[in-house]
Amino acid sequence: MLEKYRATISGDKIEWEGEEPTALNANGRITVDITVVDSITSAHKPDSKRAVEALRKIAALGGIKSIPDPVKWQREIRKDRPLPGR
């Protein structure tokens, strides 16, 4: 099972937040995989212009064919369900 630790990278230094990993190898090192959690690269930013264009194309084609009556479909989707114990 993988262990998770939070840290901040500054240049070539890792500053651990809270508990630090203790499983070091014989050289006093530990192998880690880094996942960036608080920044979005330009390659992964949402492209609102492309999204709007895609929605316009769907609308120009007459909407989604599997949903003949969107208003009826939305009402069915939003129906309240009985709450447990009530």
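Observations
- Test result for ILE30, open to solvent by less than 70 Å² (accessible area, probe 1.4 Å), at pLDDT below 80 and not polar (S, T, N, Q): yes
- Members of region 1-23 that are surrounded by 10 or more Cβ atoms within 10 Å (Cβ to Cβ) and part of a loop (DSSP other than H, G, I, E, B): TYR5, GLU19, GLU20, PRO21
- Of all residues in region 62-73, those that are surrounded by 10 or more Cβ atoms within 10 Å (Cβ to Cβ) have Cβ atoms under 7 Å from Cβ atoms of residues that are modelled with pLDDT of 85 or more and aromatic (Phe, Trp, Tyr), 6 or more apart or on another chain, in ILE67/TRP73.
The values are calculated or read from the model by the stated rules, or taken from the named source; none is laboratory data. All values reported here derive from a predicted model rather than from experimental measurement. For neighbour counting, all protein chains shown are included, and Cβ atoms are generated from backbone atoms with ideal geometry for every residue, glycine included. Note: accessible area is taken over every heavy atom of the protein model, side chains too, but ligands, DNA and RNA are not part of it. Shrake-Rupley method; radii C 1.70, N 1.55, O 1.52, S 1.80 Å.
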